[in-house]
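Here the structure is laid out as structure tokens; the discussion comes afterwards.
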Amino acid sequence: MDHKTILKNLKLCIQLMELHEENSFKIRSYQSALNSLERGDQDLMDLSEDEIQKIPGVGKSISEAILSLKESESFALLDELLEKTPTGILEILQIKGLGPKKVKILWQELGITSTHELMEACQSGKVAKIKGFGEKTQQTIIENLEFKASNEGKWLYADVEEIIENLSNDLKALYEGSELAIVGDFARKTEIIAEAEWLIGMESLFGGKEKLKKWSAIQWDMAASGPFAWRGKLKDFDLQITVHFCSKKDFIWKKMILSASPLFLNENVADKTSIGDLIHKKDFNSEEEFFSKNELQFIPVEMREGYGEVMLAKDKKIGKLLKDSDLKGILHNHSTYSDGKHSLKQMAEHCKELGFEYLGISDHSRTAFYAGGLEVERIVKQHQEIDELNKELAPFKIFKGIESDILPDGSLDYPDDVLASFDFIVSSIHSILNMDIRKATHRLLTAIENPYTTILGHPTGRLLLRRAGYPIDHKSIIDSCAKNNVVIEINANPWRLDLDWRWVRYAMDQGVKLSINPDAHEMDGYADMHYGVLVGRKGGLTKEMTLNTLSVDQITEYLEKRKSSIISPSK
Ligand SMILES: [Zn+2]
Ligand SMILES: [Zn+2]
């Protein structure tokens, strides 16, 4: 059990109490305890019984529940509620837009206790007819169920990275002396992974596959397996596993085929000759030889997606890709001034310890009241603290920023004189996400045209595997960023990875710089920049086109110059 899981269980308990219409005072007391725990920055796992009881809103019975969760991963009330709830209902409770009250009505009036039954009831129009539901709610439920089903068995790259690397080590031990490579989507570091695939090249294929039976982590599906590929599933994790076999002499070309996307293999190099055709000639001994023989620049594995990189390689236009070590500073981060977990000082000192030259702090603006957005007085206070820390930590530097909400009409969240007090501004949309492409694009364009916008934050608002994000006209957004000298962030949080890497090339071609921003809400959050670099590389991102590869002096100059170019409309 960890802090986050404890909060998750308390939340589930509240949902179930609402579902079963428990005493409303009790529900409210749990809710206020949860709110208080979510706001606090202390890890429940580090606190004693006494300390937990002293947290505002917690009290004796809830602190006992927390202790029980820490010790036995559950507590009496939760067990009791779970006992009388069908498991399918738990799944339905996770569907967005369906609170416990609505779930209860579906359960009581239509006898729905599984997502499958819910889908059927929606499709036959029964749900729309229930009082308080209607056509629109029914349609939203269908869309959310479809979204959920299409994401079954899929994982964020970051969530399976370690698992797959450990499995790789298992395989290496089993197949010592053989050639072995990770292939498939994971080899290309795609943002979502549904399958882990390996290729094993052996001297003799005879009997070698039998060794896989010793690999106890996998449940093999012999009906789906064949002589050149074994398929199965990881036993305690919903992840598809495939192990391909070939002879050692076929290893290189097979590896190239199995790690590229089908779109890449179909890209034409010359009239009627695709890159896949060339690989199938098998007339090379290394990947480097393959590319040079065909007069192509080497295409790194993660770029082999079929998004125009073959033409680039033909024209020798693939730049040197960005590396983790190229990053000199970290922009777009939160502190306890808004909804971050660590103080400004902690965030700054940790950033410095990691060897970075600067930190851009950008807490939430005032409209984001749910995230502790900053009123003007708090901004003044934060700026004073930054000035003091900058003296203390020099030559390390903290830049004064804000993540300004883009309001529904596209304007930013403070008057111009307040906006002018920042070194940089990340402009992002956080509310009223339900927009069509015209509205969303217009809202963003207005914000980009605002001279105070330095960086456009997470352009589509998507959360991978959770919500699709509002639709935007990427080309006009990027074109406008080029015109207004606005940087676009690649939000490096593994849930976001937004700007999508598929648009990185277009942005670079228009001269728009990208910034790898972790959007860190705690010190450990900086590590997410790694995932931003990975997807940036997929899009061909270079060091030159990445804002935060600038040194502290260079970025100081960049931000000052940009600010001095703003002609205040009031003057
Ligand atoms: Zn944000
Ligand atoms: Zn943020």
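Collect residues whose amide H, placed 1.01 Å from N in the peptide plane, falls under 5 Å from the amide H of Lys400; neighbours closer than 5 in sequence don't count.
Result for Lys400 returns Asp423, Phe424.
Given a 1.4 Å probe and the protein chains all in place, what does the accessible area of Ser24 round to, in Å² to the nearest 10?
60
Can you work out the Karplus-derived ³J(HN,Hα) for every residue in region 364-381? Use 6.51 cos²θ - 1.76 cosθ + 1.60 with θ = phi - 60°, whole Hz, and x for glycine or proline.
6, 8, 5, 5, 7, 4, 5, 10, x, x, 7, 6, 4, 4, 5, 5, 4, 4
If amide hydrogens are placed 1.01 Å from N in the peptide plane, which non-local residues have theirs closer than 5 Å to the one on Ile490?
Here the answer is Leu499, Ser515, Ile516, Asn517, since their amide H atoms fall under 5 Å of that of Ile490.
For every other residue with a beta carbon closer than 13 angstrom to the beta carbon of Thr140, add +1 if it is Lys or Arg and -1 if Asp or Glu, then tell me the sum. Write out the running numbers ahead of the final one.
Working: positive: Lys96, Lys102, Lys136, Lys148, Arg467; negative: Glu135, Glu143, Glu146.
My count for the surroundings of Thr140 gives +2.
Charges at C-beta only: +1 for Lys and Arg, -1 for Asp and Glu. How large is the resulting dipole of the chain about its Cα centre, in Debye rounded to 20? Each step should come with its number before you reach the end.
Numbers: 73 positive and 90 negative charges, 288 e Å.
I would put it at about 1380 debye.
Mind giving me the nanometre distance, one decimal, between the label points for Lys483 and Asp417, set 7 Å out from Cα along Cα→Cβ?
3.1
Distances over 24 Å make up what percent of all Cα-Cα pairs in region 266-386? Walk me through the numbers on the way to the answer.
Numbers: 3930 of 7260 pairs.
Value for region 266-386 (Cα pairs over 24 Å): 54 percent.
How big is the C-alpha Rg of the chain next to the rule-of-thumb value 2.2 N^0.38 Å, as a ratio?
Relative to the 2.2 N^0.38 Å estimate, the chain comes out at 1.08.
Treat each spin label as a single point 7 Å out from the Cα along the C-beta direction, and report the Lys317 to Gln297 distance in nm.
Each label point lies 7 Å from its Cα, and together they span 0.9 nm.
Residue-wise, which Karplus ³J(HN,Hα) couplings in Hz belong to region 78-93, taking 6.51 cos²θ - 1.76 cosθ + 1.60, θ = phi - 60°, and x for glycine or proline?
4, 4, 4, 5, 5, 3, 9, 10, x, 4, x, 5, 4, 5, 5, 4
Sum up the charges of everything whose Cβ sits under 9 Å from the Cβ of Ile192, counting Lys and Arg as +1 and Asp and Glu as -1, but leave Ile192 out.
Numbers: positive: Lys154; negative: Asp185, Glu191.
Computed value for this residue: -1.
Could you tell me which residue out of Leu393, Ile252, Ile437 lies farthest along the dipole of the chain toward its positive end? Charges go on the beta carbon: Lys and Arg +1, Asp and Glu -1, centred on the Cα centre.
Positive-most Cα among the choices belongs to Ile437.
Ignoring any ligand, DNA or RNA, what whole percent of the accessible area of region 410-556 comes from carbon and sulfur when the probe is 1.4 angstrom?
Details: 2550 of 5020 Å².
That share works out to 51 percent.
Mind giving me the FRET efficiency for Glu120 and Ala76? R0 is 41 Å, r the Cβ-Cβ distance, nearest 0.05 is fine. Don't skip to the answer; put the middle values down first.
Numbers: r = 36 Å, r/R0 = 0.87.
Once rounded, the FRET efficiency stands at 0.70.
Hey, any idea what the orientation-averaged projected area of the convex hull of region 483-525's Cα atoms comes to, in nm²? Before the final figure, lay out each step's value.
Numbers: hull surface 13.5 nm².
That works out to 3.4 nm², a quarter of the Cα hull's surface.
What does the accessible area per residue of the chain come to in Å², with a 1.4 Å probe and no ligands, DNA or RNA counted?
47
Tell me what the chain gives for mean residue ellipticity at 222 nm when only DSSP H runs of n ≥ 4 count, each as -39,500 (n - 2.57), the sum divided by the residue total, rounded to 500 deg cm²/dmol. Can you show the working numbers first?
Details: 24 runs with 243 residues, N = 571.
For the chain, the value works out to -12500 deg cm²/dmol.
Taking 0.36 nm per intervening residue step and subtracting the Cα-Cα distance, what contour gain separates Asp170 from Ser274 on full extension?
Values: separation 104, 0.36 × 104 = 37.44 nm, distance 3.58 nm.
Once the chain is fully extended between Asp170 and Ser274, it gains 33.9 nm.
With all protein chains present and a 1.4 Å probe, how do His530, His20, His364 order by accessible area, largest first?
Sorted descending by solvent-accessible area, the residues read His530, His20, His364.
Dipole of region 100-201, Cα-centred, from +1 at each Lys and Arg C-beta and -1 at each Asp and Glu C-beta, to the nearest 20 debye? Walk me through the intermediate numbers first.
On the way: 12 positive and 18 negative charges, 212 e Å.
Roughly 1020 debye, rounded to the nearest 20.
Would you please name the GluC sites (Glu not before Pro) within region 529-570 that are DSSP coil residues with at most 13 other C-beta atoms within 10 Å of their C-beta?
Hits after loop and neighbour filter: Glu544.
With just the Cα atoms defining each centre, how far is region 390-432 from region 262-328? Give it in Å.
41
How large is log10 of I(q)/I(0) for region 386-539 at q = 0.08, 0.14, 0.18 Å⁻¹ when the intensity is taken from the Debye formula with one equal scatterer per alpha-carbon?
Treating every Cα as an identical point scatterer, log10 I(q)/I(0) equals -0.22, -0.69, -1.12.
Output wanted: per-residue J couplings in Hz (rounded whole) for region 302-314, from phi through Karplus 6.51 cos²θ - 1.76 cosθ + 1.60, θ = phi - 60°, x for Gly and Pro.
5, 8, 7, 10, x, 10, x, 6, 5, 4, 4, 5, 5
I'd like the FRET efficiency for Asp250 and Asp324, computed as 1/(1 + (r/R0)^6) with the beta carbon distance as r and R0 of 35 Å, rounded to 0.05. Numbers along the way, then the final one.
Details: r = 34 Å, r/R0 = 0.96.
Taking R0 as 35 Å, the efficiency between Asp250 and Asp324 is 0.55.
Of all beta bridges DSSP finds with both residues in the chain, what is the antiparallel percent, to the nearest 5?
Of all bridge pairs located within the chain, approximately 40 percent are antiparallel.
How do 64-76, 249-261 rank on mean C-beta neighbours within 10 Å, highest first?
Numbers: 64-76: 16.4, 249-261: 19.5.
Order by mean packing, descending: 249-261, 64-76.
Round to a whole angstrom and tell me the spacing of the C-alpha centers of region 9-84 and region 200-257.
46
Say the dipole of the chain comes from +1 at the beta carbon of Lys and Arg and -1 at that of Asp and Glu; which of Leu344, Gly457, Gly360 then lies farthest toward its positive end?
Looking along the dipole axis, the top candidate is Gly457.
Which of Val183, Met119, Gly99 sits farthest toward the positive end of the charge dipole of the chain, with +1 on the Cβ of Lys and Arg and -1 on the Cβ of Asp and Glu?
Checking the options against the dipole of the chain, the answer is Met119.
Full extension from Lys11 to Glu557: what is 0.36 nm times the residue separation minus their Cα-Cα distance, to one decimal in nm?
On the way: separation 546, 0.36 × 546 = 196.56 nm, distance 4.72 nm.
Full-extension gain reported as 191.8 nm.
Can you check what the net charge comes to around Asp2, using other residues whose Cβ is under 14 Å from the Cβ of Asp2 (Lys, Arg +1; Asp, Glu -1)?
On the way: positive: Lys4, Lys8, Lys70, Lys341; negative: Asp43, Asp46, Glu71, Glu73, Glu522, Asp524.
Surrounding charge for Asp2 is -2.
Could you size up the charge dipole of region 189-244 around its Cα centre, putting +1 on the beta carbon of Lys and Arg and -1 on that of Asp and Glu, and report it in debye to the nearest 20? Numbers along the way, then the final one.
On the way: 8 positive and 8 negative charges, 45 e Å.
Dipole about the Cα centre, nearest 20: 220 debye.
Rounded to two decimal places and with Rh computed the Kirkwood way over Cα pairs, what is Rg over Rh for region 1-97? Mind showing how you got there, number by number?
Numbers: Rg = 13.1 Å, Rh = 13.8 Å.
Looking at region 1-97, the ratio lands at 0.95.
Dividing the alpha-carbon Rg of region 68-189 by 2.2 N^0.38 Å yields what? If you can, show how the numbers build up before the last one.
On the way: Rg = 21.1 Å, N = 122, 2.2 N^0.38 = 13.7 Å.
Rounded to two decimals, the normalised Rg is 1.55.
Using a cut-off of under 20 Å, list every residue of region 1-19 whose amide N is near the label point 7 Å from the Cα of Gln42 along the Cα-to-beta-carbon line.
1-11
If I take every Cα pair under 8 Å that is 6 or more residues apart in the chain, average their sequence separation and divide by the length, what percent do I get for the relative contact order?
On the way: 953 pairs, mean separation 55.7, N = 571.
Over the chain, the number comes to 10 percent.
The values are calculated or read from the model by the stated rules, or taken from the named source; none is laboratory data. Everything numeric here is computed off the predicted structure, so don't read it as measured data. Counting neighbours? That spans all protein chains shown, and the Cβs are built from the backbone with ideal geometry, glycine included. These accessible areas exclude ligands, DNA and RNA; they are computed on the full protein's heavy atoms, side chains included. Shrake-Rupley method; radii C 1.70, N 1.55, O 1.52, S 1.80 Å.
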